[in-house]
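Visitor: For reference, the structure I am asking about is given below.
Read-outs: derived from the displayed coordinates by stated rules, not from any lab. If you're wondering where the values come from, they're calculated on a predicted model, not measured in any experiment. Virtual Cβ from ideal backbone geometry, glycine too; neighbours counted across all protein chains shown.
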Amino acid sequence: MESDLQRVCIVIARTRHRMVAMEIQEAARLGARLLEIRLDFIARAPDLRRLLENKPCPMIATIRRREDGGRWSGTEEARRTLLRQCIVGGFDWVDLETDVADEIKRFGPTKRIVSYHNVENVPENLEEIYERMCQQDADVVKVAVTAQEISDNFRVLNLLKNAKKPTIAHCMGDLGFPTRLLGLKYGAPFVYAAFNEDRIIAPGMPTMWDLQHSFPVDRVNAETRVFGVIGDPVSHSLSPTLHNRLFREHGINGLYLPFRVPRGQLEAHLSTFSVVPVRGYSVTIPHKEAAAQLAARSSEVVQRTKAANTLILGSDGTSFEAHNTDYQAILDSLLDALPPGEDGSPPTLEGKMVLLLGAGGVARAVAHALKSAGCVLTISNRTPEKAHRLGTEVEGRVLDWMARHTASCDIVINCTSVGMHPNVDDIPIHAGFFQPTMLVVDTVYNPETTLFIKEAKLRGCRTVTGVEIFVRQAAIQFELFTGISPNLETMRRIVRRALSPVAHLDEEGSTA
């Protein structure tokens, strides 16, 4: 998938003229249609003639003050003089903060963005500020505020839905990331993205690569159906890349977003984003049990496991139905990995002794699935209370975490987050525990070959990686979202490519 960047403004923020000029040309070569040049980042006095030479596409001049999140260190008088020079010097757009916009008059063909930035919070009088900005001589009104809680997003989304002029409005920070792309659904003329992933100048800003390869920004409109993944952390999730590429492949006008939701705030999130509405969620750590409790209706598996990894918006448009696709995914993954019986009969889990590491939302689905398949379970978890509670539900033995190496098993499954990126050198059990006869399973998929899996392979064990489980559960989710059953091999290829160290290479191998 490669999205057109017609509705994306690529931000270039470098300290040296040579690097700015180079990135201008490179961004245009890779598809940029509009560039914002952050003159406040340039270390010396900006040479406008040099920057505008060989201009490949329309460019915005921005000189942001420190109190607005920028790096301008000169006087305010010098900044305003430079803004006027940008207007007469050949920039196509100029960004003017609302408090100076009336003093710097329109001149020539240069278009005006009247902006307001708040790097601390969402002010109580945001709506009044926006109303005043709409009275100023703006071609585009821009509002960028900082979300301190999930409900802050609600006010920004309402600004967008009721915009009186072409408006770009978003919450900065990871809590507000979805509002950046949802702006396109509500008619925002464009969204911002960083050209260089090492020069992301505002918290939560996506990169050019993200918007070309992970999010279908060229297809988002008022009719776009919105889905997402809920978790904390969630920035590492490959679900947006996977589902958005599947939407494109199947011709579905859908947008799948990452939503960071801190523990205990799931209900607030569901309420805030009902204004969109979001039609379906994947649910990950730490919300799987809370999702099961908050849903108005639940599948039989959710009722049994008391954990949900999928929420589907009901026909009433307000309540959710909970599902657990981990349950079937783990059974299918394990059965595919086991050898057939001695008489050539299909593999079975009946009677297999399983050591389960962890007792959270993933572990609950795995434990109940394996119990239903006739496995004998031993559960070990850092928090013994959770292990005992789950053990009681599935009639499993509980081992103290410090005694987990004493277990005897045919299958060992890591349902903790140990080994997940960036802590790739961690392992939930000593490598000496592995025996060649074991099946070793990791639910962590980033990286695919965790240290847990790597050590198991070195000792001759059969293995199932988190990618296989992730793909299988996501396939069931996608069918719940859309009614379409996707191709598993296609999904594996998408995920492995995204996890690859060369993921930022396009299909021809050039840097994208």
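Visitor: Under a cut-off of 14 Å between alpha-carbon atoms, report the aspartates and glutamates in cross-link reach of residue 164, not counting same-chain residues fewer than 8 places apart.
Guide: Output for residue 164: 127, 128, 131, 137, 139.
Visitor: Residue by residue through segment 286-298, which ³J(HN,Hα) values in whole Hz follow from phi under the Karplus form 6.51 cos²θ - 1.76 cosθ + 1.60 (θ = phi - 60°), with glycine and proline marked x?
Guide: For segment 286-298, the Karplus curve yields x, 10, 5, 6, 5, 4, 5, 6, 7, 5, 6, 9, 9 Hz.
Visitor: Next up: Between residue 15 and residue 484, take the C-beta separation as r, use R0 = 45 Å, and let me know the FRET efficiency to the nearest 0.05.
Guide: So the FRET efficiency works out to roughly 0.40.
Visitor: What's the longest bit of the chain with no exposed trypsin sites (Lys or Arg not before Pro), using DSSP loop states and at most 13 other Cβ atoms within 10 Å as the test?
Guide: 264-512
Visitor: Quote to one decimal, in nm, the extra length available between residue 50 and residue 383 on full extension: 0.36 nm per residue of separation minus the C-alpha distance between them.
Guide: Contour length minus the Cα-Cα distance gives 113.7 nm.
Visitor: May I pose another question? Rounded if a/c is under 1.5, else prolate if a/b is larger than b/c, else oblate: which is segment 344-464, with a ≥ b ≥ c the root eigenvalues of its Cα gyration tensor?
Guide: oblate
Visitor: Here's something else I'd like to know. According to a simple spin-label model (label point 7 Å from Cα along Cα-to-Cβ), what is the distance in nm between residue 107 and residue 125?
Guide: Label at residue 125, label at residue 107, 3.1 nm between them.
Visitor: Show me the GluC sites (Glu not before Pro) within segment 74-105 that DSSP assigns to loop and that have at most 11 other Cβ atoms within 10 Å of their Cβ.
Guide: The qualifying sites are 103.
Visitor: Quick one: helix 488-499 against the long Cα principal axis of the chain, what's the angle to the nearest 10°, folded into 0 to 90?
Guide: The angle comes out near 60 degrees.
Visitor: Report the far tail of the P(r) of segment 1-67, meaning the percent of Cα-Cα pairs longer than 13 Å.
Guide: In whole percent, the share of Cα-Cα pairs in segment 1-67 beyond 13 Å is 61.
Visitor: To continue, here is another question. If I model a spin label at residue 335 and residue 421 as a point 7 Å from the Cα along the Cα→Cβ vector, what separation in nanometres do I get?
Guide: Output for this residue pair reads 3.2 nm.
Visitor: Give the lysines reachable from residue 55 as a straight Cα distance under 23 Å; neighbours fewer than 8 places away on the same chain don't count.
Guide: Hits, sequence-local ones excluded: 111.
Visitor: What FRET efficiency would be calculated for the residue pair residue 405, residue 236, taking the C-beta separation as r and a Förster radius of 22 Å, to the nearest 0.05?
Guide: After rounding to 0.05, the efficiency reads 0.15.
Visitor: To test your reading of the geometry: what angle, between 0 and 90 degrees and rounded to tens, separates the Cα axis of helix 17-29 from the longest principal axis of the chain?
Guide: Compared with the principal axis, the helix lies near 60 degrees.
Visitor: What ranking of 281, 256, 116 emerges when the number of other C-beta atoms within 10 Å of each C-beta is taken as an exposure proxy, fewest first?
Guide: With the fewest neighbours first, 281, 256, 116 line up as 116, 256, 281.
Visitor: While we're here: Give me the angle, in degrees from 0 to 90, between the Cα long axis of helix 361-372 and the longest principal axis of the Cα atoms of the chain, rounded to the nearest 10.
Guide: Approximately 30 degrees, to the nearest 10.
Visitor: Counting other beta carbons within 10 Å of each Cβ, put 372, 380 in order, fewest first.
Guide: So the residues, fewest neighbours to most, are 372, 380.
Visitor: Okay, next question. With both partners inside the chain, how many of the DSSP beta bridges are antiparallel, as a percent to the nearest 5?
Guide: Taking every DSSP beta bridge with both residues in the chain, the antiparallel ones total about 10 percent.
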